[in-house]
Every structure is written in C-alpha cells, then in structure tokens.
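I'd like to ask some things about the structure below.
The values are calculated or read from the model by the stated rules, or taken from the named source; none is laboratory data. All values reported here derive from a predicted model rather than from experimental measurement. Don't worry about glycine lacking a Cβ; one is built from the backbone with ideal geometry, like all the others, and counts go over all protein chains shown. Just so you know, the surface numbers come from the protein's heavy atoms only, side chains and all, with ligands and any DNA or RNA stripped out. Shrake-Rupley method; radii C 1.70, N 1.55, O 1.52, S 1.80 Å.
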Amino acid sequence: MYKKALLAFVLLFCTATACRAQVARNVLFIGNSYTQVNDLPAMVAAIAESMGDRMTYQSNTPGGCTFSMHCTNQSMQLIRSGEWDAVVLQEQSQLPSFPQSQVEAEVFPYAKQLTDSIYARNPCCEPMFYMTWGRRDGDRQNAAEFPVLGTYEGMDSMLCERYTYMALTNDAALCPVGRVWHYLRDNHSDIELYQADGSHPSVAGTYAAACAFYTLLFHRSPETTTYNAGLPESTASAIRRAAHTVVYACLAQWQRPMPESAPTVTETAHSTVSLLSSSVYADSLLWIFGDGTDTLTSAGQTTQMHTYPAPGSYTLSLVASRHCLADTATITIDIESDSSSVAIQHCPDLPTGIALHPNPATQALNITAQVSGPALTEVISCSGTVLWRRTIDAPTSVGIPVADWPSGIYFVRLVTPSGTLTKKAVVTH
C-alpha cells in the first residue's frame, strides 16, 4: 500500500512539473542603479527558483556607472574570474540615447571592449545587453540639444535602436526590457513602472525586467511563475503576459543569431567536385567530405574543391559555427565508376528561411524568402511600425528601396503556418 501511494505521488509530481530537469545558469550583471534598485538579479533568481530552475549570480552596479567605467573597474576582474553562462551589460540610462556621434565615441567602443573580453575569457559565454526604457516624460535635461529626447517615445526609440545595434554588432543577445515597458504603457497604463523620479523602476518595473530576463536566460515563458515580488496578482499576471508576448513569443528576435549551414555543389569533373558555402552567421566552416577526410576554414573562404578517391555514394556535411553555436547541413554526392560521368548531387528539400543582402544596406535591401506554402513577409522598424509587407506562396526575391529610411535597425519577419523566423537588417547612410 505504501509503495502504491508513493508511486502515485511520484507520478502526480512528474505530471505537475512535466518531469522537467532543472536548468542552472551562472550570470554576471554589470550595470548601475537601474540593475541595483529592487535587486533585479535576486528577483530573476527568485522567479527561476519558483519555476524549478536555478540562477547563481554576481553583480557590479555602482550608481551612474558607464561602460567606459566598467572597462577599468572591478567588472573586468569579475568577467575573468568566473565561468559565466551569461554576462548582462547595462549602460548608463541616458548615454545610449544621445546624438550618434557622441554614442559612437562614448558607448560603442566600450560595449565592444566588454564583449570582446567576455568572449576572450569564455567563447561559449553569452553577452546580453540590457535594453532600458525611456524616462516617463523624456529627458528634458538634454532635449534642448537633441529634441528627440523631449518625449518618452523619442528617448525610448533611441535606446531601442542603439541597444539593438550593440547586440547586432557584438554578437550578443538583447533583453528587450524597454519593449516590455512600452507594451505595458500601451496596454496597462494603470501599472506604475516608475519611481517618483520618473526614471528608476518601481517594484513593478523591476518585476517586468526580471520576467524578461528569466525568459531570455532560460528560454521559458514566465507566465506560470508563482513569484509575484509582493505585487497584487492582477498586476503581476499582466506583467508576466507582457513578457511572454514581447520576449518569449519572439525569442529568435532577441537571441544571438544561430549559424545557418548551406552547402551546394557548383561544378563537377569526374571525381572532383567544386563546393560553395552560402552559410551565414558563422565564423568557421568544417567540411566533412564523407570519405574520412575533412577541412576547417574560415567563413570567408566560401569555396572548396575535393576529389573523391573512388566511385561510391558519399554524405558530405558542412558544420557552420560561431562562439559555440553550430548548424549542420548534409548533401549526398554520387561518384560513378564511368570516368566520363559527373558527380550527382541529391539536394534535400530547401528549408523555410530568409536571406538578406546587402546587410548593412544603403540603397536597397534584397530579401530572398524560401517557402513551400503561404507565408507573410514583412519589415518592421525598431518602434514596431510595419514598413513593408507581402504575402507569398513560392520562393521569392525582392528588392526594397531603403534610401529614404532612417539609419538604424529593422526586423525582417517571415510568418508561416509552422512558425515565425526573424532576422535583423541594418540600414546605413
């Protein structure tokens, strides 16, 4: 009887928890008071614990600290001291929203120095930029010199653009806390996200940030967490839904882009084949020819020649990798015994996907969409405005004029019945 009762309890527990193994993450938070107020790292850890996960952490968050200061203070020692799974990077609250020339001089070089240091210590660690929010009424202090900062919308859009650019150019993830706040301001204006100064987060504001970080760090929706940070359940559940909608439902948009492997045969001559890699988001290519030999090259070397030793069927694999992320694609090559015959490539069905070129773009952005059924292709600005949209049902290439678009980050999204794929595009002038 006891054994049956125990078995029933175990089965019930497994059903309630889906028998999910605990995920553990070791995270370093580098920032200032926006991270320190209400102890954001501890709140993320509490959410993780309530979800059956575990987050250990350290932080260095002196008030007003900038990236340039972090490059010369304890943060560098902390980066080098631990086997971090992720390092969160939060710049001073106003600095990334300033005029482009100032940001290029005072922010971008130090963002690069920090991420380079993270990868130098551990190439598998994930740098993660903390996109903050516009002040409740904008940055009146600096609006005279840069008028866009005079409103919440203007300041928030600048922060979104600059943090997105830093994540894109430094091969980092982006935690879109500012986007979650924007969603809450639009849809739940009764939730007070700010302290009385109109800048620092209230407990609700930090809880919104914590839900966003938990989602991105653990790749799980925060909707079922039992941790409310002392907030009323109606407030906490609205914040969790916002994080689910903005972050979890669009995870690929905020994560580091995965490498994509794409080998093809371009020419054949007897037992020698010419190969081409159209792989993207990779810094190295491993060609495994299927005859016991392989070659490792940089991603810049896109062509490869190989001679097979004897007739037969060979499975060629191409592994495209970058910072411990990898993707593998295979093709089959038949070498026939007749020396006058050519190698035959048997290509698998092309996967659904999108390719962008040139990227960055100045005059036109070319979008190549590979689909096998109805799909929606659209280009969205950092502020969420849809700038271009088309429904397609077959492989399509189209050029979109962007000469009149402001320089910045844009999202190209492909929506199919099986899911959504998002890539980042940069427009520069």
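Checking the structure you have, find out if any residue of segment 44-52 is within 30 Å of Leu149 (Cα to Cα) and out of contact with any Phe, Trp or Tyr (no Cβ under 7 Å at 6 or more places or on another chain).
Looking for residues that are within 30 Å of Leu149 (Cα to Cα) and out of contact with any Phe, Trp or Tyr (no Cβ under 7 Å at 6 or more places or on another chain), one finds none in segment 44-52, hence no.
So, restricting to helices (runs of 4 or more DSSP H) that lie completely within segment 59-156, which ones have at least 2 residues that are free of Cβ contacts under 8 Å to residues at least 60 places away in the same chain and buried (at least 20 other Cβ atoms within 10 Å of the Cβ)? Steps first, answer last, please.
On the way: elements: 67-70, 74-81, 100-106, 108-121, 140-143.
The qualifying helices (runs of 4 or more DSSP H) are 67-70, 74-81, 108-121.
Now, a different point. Is segment 222-242 home to any residue that is closer than 23 Å to Ala21 by Cα and touching a strand residue (DSSP E or B) at 6+ places or on another chain (Cβ under 9 Å)?
Checked against the condition, which is being closer than 23 Å to Ala21 by Cα and touching a strand residue (DSSP E or B) at 6+ places or on another chain (Cβ under 9 Å), segment 222-242 yields no hits at all.
I'd like the residue in segment 199-219 that is within 22 Å of Leu149 (Cβ to Cβ) and open to solvent by less than 10 Å² (accessible area, probe 1.4 Å) and, out of all such residues, is farthest from the chain's Cα centre (by Cα).
Ser199
Here's something else I'd like to know. Inside segment 297-313, can you point out the residues that are farther than 25 Å from Thr169 by Cα and open to solvent by less than 50 Å² (accessible area, probe 1.4 Å)? Before the answer, list the steps.
First, pick out the residues of segment 297-313 that are farther than 25 Å from Thr169 by Cα: 303-313.
Selection gives Gln304, His306, Tyr308, Ala310, Gly312.
Can you name the condition, by its number, that Pro222 falls short on among (1) open to solvent by 10 Å² or more (accessible area, probe 1.4 Å); (2) within 23 Å of Glu126 (Cβ to Cβ); (3) part of a loop (DSSP other than H, G, I, E, B)?
Of (1) open to solvent by 10 Å² or more (accessible area, probe 1.4 Å); (2) within 23 Å of Glu126 (Cβ to Cβ); (3) part of a loop (DSSP other than H, G, I, E, B), only one is false for Pro222: (1).
Condition first: assigned to a strand (DSSP E or B), of a type outside the set (Val, Ile, Thr) and at pLDDT below 85. Now tell me which residues in segment 332-381 satisfy that.
Going through segment 332-381, the residues assigned to a strand (DSSP E or B) turn out to be 332-335, 344-346, 353-357, 361, 364-370, 375-381.
Still in the running and of a type outside the set (Val, Ile, Thr): 334, 345-346, 353, 355-357, 361, 364-366, 369-370, 375-376, 378, 381.
Those that are assigned to a strand (DSSP E or B), of a type outside the set (Val, Ile, Thr) and at pLDDT below 85: Gln345, His346, Gly353, Ala355, Leu356, His357, Ala361, Ala369, Gln370, Ala375, Leu376, Ser381.
Among the numbered criteria (1) touching a Phe, Trp or Tyr at 6+ places or on another chain (Cβ under 8 Å); (2) farther than 28 Å from Ala167 by Cβ; (3) open to solvent by less than 50 Å² (accessible area, probe 1.4 Å); (4) free of Cβ contacts under 8 Å to residues at least 24 places away in the same chain, which single criterion is violated by Asp294?
(3)
To continue, here is another question. Pull out all pairs, ordered by first then second residue, where Cβ-Cβ is under 9 Å, the residues are six or more apart or on different chains, the first lies in segment 297-311 and is part of a strand (DSSP E or B), and the second is of a type in the set (Asp, Glu).
Matching pairs, first to second residue: Ser298/Asp283; His306/Asp291.
Rundown of residues vs (1) in contact with a helix residue (DSSP H, G or I) (Cβ under 7 Å, 6 or more places away or on another chain); (2) of a type in the set (Phe, Trp, Tyr); (3) closer than 18 Å to Ala173 by Cβ, yes/no style:
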| position | (1), (2), (3) |
| --- | --- |
| Glu49 | no, no, no |
| Gln58 | yes, no, no |
| Thr61 | yes, no, no |
| Phe67 | yes, yes, yes |
| Met76 | yes, no, no |
| Ala86 | yes, no, yes |
| Ser93 | yes, no, no |
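Another question, then. Could you list, ordered by first residue, the pairs with Cβ atoms under 6 Å in which the first is in segment 15-35 and under 30 Å from Thr66 (Cα atoms) and aromatic (Phe, Trp, Tyr) and the second is part of a helix (DSSP H, G or I) and at pLDDT 85 or above, at least 6 apart or interchain?
That search, which allows pairs on different chains as well, returns Phe29/Thr35; Phe29/Pro41.
Sticking with this structure for a sec: Give me the residue from segment 228-287 that is among the aromatic types (Phe, Trp, Tyr) and over 27 Å from Asp186 (Cα atoms) and, out of that set, surrounded by the most Cβ atoms within 10 Å (Cβ to Cβ). Working first, answer last.
As a first pass, look at segment 228-287 and keep what is among the aromatic types (Phe, Trp, Tyr): 248, 254, 281, 287.
Imposing the further condition that a residue be over 27 Å from Asp186 (Cα atoms) reduces the set to 281, 287.
On the way: Tyr281: 17, Trp287: 20.
Result: Trp287.
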